[in-house]
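The values are calculated or read from the model by the stated rules, or taken from the named source; none is laboratory data. Bear in mind that the values here come from a model prediction, so they are computed numbers and not experimental data. All Cβ positions, glycine included, derive from the backbone under ideal geometry; neighbour counts span all protein chains shown.
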Amino acid sequence: MNGGQYEHAGRRLLPWSSPEGKPCYLVGSGTGLVSRLADEIETIQLGMADELLGHAAELLSEPRATSHELRYLAGRLRESLLDVRRVAESRGTRPARADPAADTAVEKS
């Protein structure tokens, strides 16, 4: 374990916070409804981050981008980075799931 601020032995950091802004954790097998919901939300967050990177590349290549547009982009990138960091912290503190597809994957050279 890496000693990150979200790390708690035997618990999974969830991709949402309490109404007070405190981290939420799940204790269990990792196969229940809440765990599956957390997996779905993490997948959405990572997908949104990827899309945002595409928008950022487009806006940054536009010489006429305004300071307002760039500040807005910076704010969304910050939010996305916080989500991605939280996913990374969560996944870094729990064992990787077995991926049956990985057993049959062939590396292309």
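Summary table
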read-out	value
Residue match in segment 83-94 (condition: at pLDDT 95 or above, among the basic types (K, R) and in a loop (DSSP other than H, G, I, E, B))	no
Residue that is in a loop (DSSP other than H, G, I, E, B), at pLDDT 95 or above and of a type in the set (D, E, K, R), where the choices are E51, E20, E42, E7	E20
Residue satisfying condition, being part of a helix (DSSP H, G or I), of a type in the set (F, W, Y) and at pLDDT 90 or above, within set Y72, Y25	Y72
Identity of the residue in segment 60-90, small (G, A, S) and under 25 Å from G10 (Cα atoms), that ends up surrounded by the fewest Cβ atoms within 10 Å (Cβ to Cβ)	A88
Count of segment 18-49 residues which are free of Cβ contacts under 8 Å to residues at least 40 places away in the same chain, among the polar types (S, T, N, Q), surrounded by 12 or more Cβ atoms within 10 Å (Cβ to Cβ) and in contact with a strand residue (DSSP E or B) (Cβ under 9 Å, 6 or more places away or on another chain)	1
Flag for A56 being at pLDDT below 95 and either outside any loop (DSSP other than H, G, I, E, B) or touching a Lys or Arg at 6+ places or on another chain (Cβ under 7 Å) (or both)	no
Condition met for L13 (within 16 Å of R85 (Cβ to Cβ) and at pLDDT 95 or above)	no
